[in-house]
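The values are calculated or read from the model by the stated rules, or taken from the named source; none is laboratory data. Quick caveat, the model's predicted, so the values are computed rather than measured. A quick note on method: Cβ atoms are made from the backbone with ideal geometry, for glycine too, and the neighbour counts reach across all protein chains shown.
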Amino acid sequence: MQTENNTQKSNAKGTFDETFIEEGFFVLAHKNENDMLQILERDIDSSYIQFHFCSKGSADFVFNQGTYTLNINEDTSLLLYNPQRDLPIHLEMKPHSWLVSLVISIKKFHSLFSEDANYVTFLTDDNRDKKYYKDGKISPSMAVVLNQLMSFNLNNSIKSLYFKGKAYELLSLFFNRSEDADIEQCPFLVDEVNVAKLKKAKAIIIANMSEPPTLQELADTIGLSLKKLKEGFKQIYGDTVYSFLFDYKMEVARKLLESGDHNVNEVGLKVGYSTSSHFIAAFKKKFGTTPKKYIMGSS
């Protein structure tokens, strides 16, 4: 009995960040940044297909009052569809875990593939009334889109439009996961050692953002050719090394300005601009306004 009480105390109720895409289609997202398990719930009836993507940590989907559990781990996806019964979400999300879910009605989903429904296995006439639980790996391209959804920092007025584009992109990538295509497109990404090297490259430029190494120095440090660094980085992170770094620096600058602890010159120096005019120009290029006006607008 004592154990049960302790378990209850270490759980917390969480809520999904829900974004309406259009009739019959919405996105659920949640970051559990706490040190305790979080329980999230959402009613979903049998007319919907659920696509769940775990980009960090892990979680358990619990059904039938705990009699059946499906686990989802980091870098994996889970497709749930059962035309015979409702599948309400009861999610037990582990500490420091991230999840994005696309929930789409079967009617809406059919309209996307109406010309070639046979391409999607569970839409064929033979499978129409079968339940479908399928797990898979999250590809580097999908990971980029998931990161963009989880790190959304644009104007809230365009959130629905942005999420709509990204949700459809994610669906497209989900149904285009041909292992052979990945190998042909980017042969060295099959090698986990090289993926680790590219992750190391990202960590190096972030740690040295005020004085980043040249691309050649970076390639030498991680032990990849310049060509593989450029191609691989873009494949995994969706951008060139320096474009990625620019966006990262601007995001750091924006947060520092919002904190109110630093003036414009100090922020510029912290992210690697020796003159405030260069920093102001870069900030304006990214956010469409000067740092000073940005501070005034967010205060």
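Which residue pairs have Cβ atoms under 6 Å apart, sit 6 or more places apart or on different chains, and have a first residue in the stretch 21-44 that is assigned by TED's automatic domain parsing to the domain that holds Ser157 and a second that is among the hydroxyl-bearing types (Ser, Thr, Tyr) and part of a loop (DSSP other than H, G, I, E, B)?
Final answer for the pair search is Met36/Ser10.
Mind checking which residues of the stretch 57-97 are among the hydrophobic types (A, V, I, L, M, F, W, C) and either part of a loop (DSSP other than H, G, I, E, B) or within 13 Å of Ser46 (Cα to Cα) (or both)?
Leu80, Leu87, Ile89, listed by residue number.
Quick grid of which residues meet (1) in a helix (DSSP H, G or I); (2) surrounded by 17 or more Cβ atoms within 10 Å (Cβ to Cβ):
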site: Ile206; (1), (2): yes, no
site: Ser210; (1), (2): no, no
site: Pro213; (1), (2): no, no
site: Asp220; (1), (2): yes, no
site: Asp239; (1), (2): no, no
site: Phe246; (1), (2): yes, yes
site: Lys249; (1), (2): yes, yes
site: Arg254; (1), (2): yes, yes
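Under 30 Å from Ser139 (Cβ atoms), touching a Lys or Arg at 6+ places or on another chain (Cβ under 7 Å) and outside the structural domain of Phe152 (by TED's automatic domain parsing) - does that describe any residue in the stretch 258-269?
No, the stretch 258-269 has no match at all.
Tell me, which residue of the stretch 185-203 that is surrounded by fewer than 17 Cβ atoms within 10 Å (Cβ to Cβ) and within 17 Å of Tyr248 (Cα to Cα) is modelled with the lowest pLDDT?
Filtering first and then ranking leaves Lys199.
In this structure, is Glu231 in the same structural domain as Ile205 (by TED's automatic domain parsing), in contact with a Phe, Trp or Tyr (Cβ under 9 Å, 6 or more places away or on another chain), modelled with pLDDT under 95 and of a type outside the set (S, T, N, Q)?
yes
Scan Asn64, Asn6, Asn32, Asn82 and give me the residue that is at pLDDT below 90 and surrounded by 13 or more Cβ atoms within 10 Å (Cβ to Cβ).
Working: Asn64 fails: surrounded by 13 or more Cβ atoms within 10 Å (Cβ to Cβ); Asn6 fails: surrounded by 13 or more Cβ atoms within 10 Å (Cβ to Cβ); Asn32 fails: at pLDDT below 90.
On inspection, the qualifying residue turns out to be Asn82.
Does the stretch 146-156 contain at least one residue that is at pLDDT 90 or above, farther than 18 Å from Ile44 by Cα and assigned by TED's automatic domain parsing to the domain that holds Ala29?
Yes, the stretch 146-156 contains a residue that is at pLDDT 90 or above, farther than 18 Å from Ile44 by Cα and assigned by TED's automatic domain parsing to the domain that holds Ala29.
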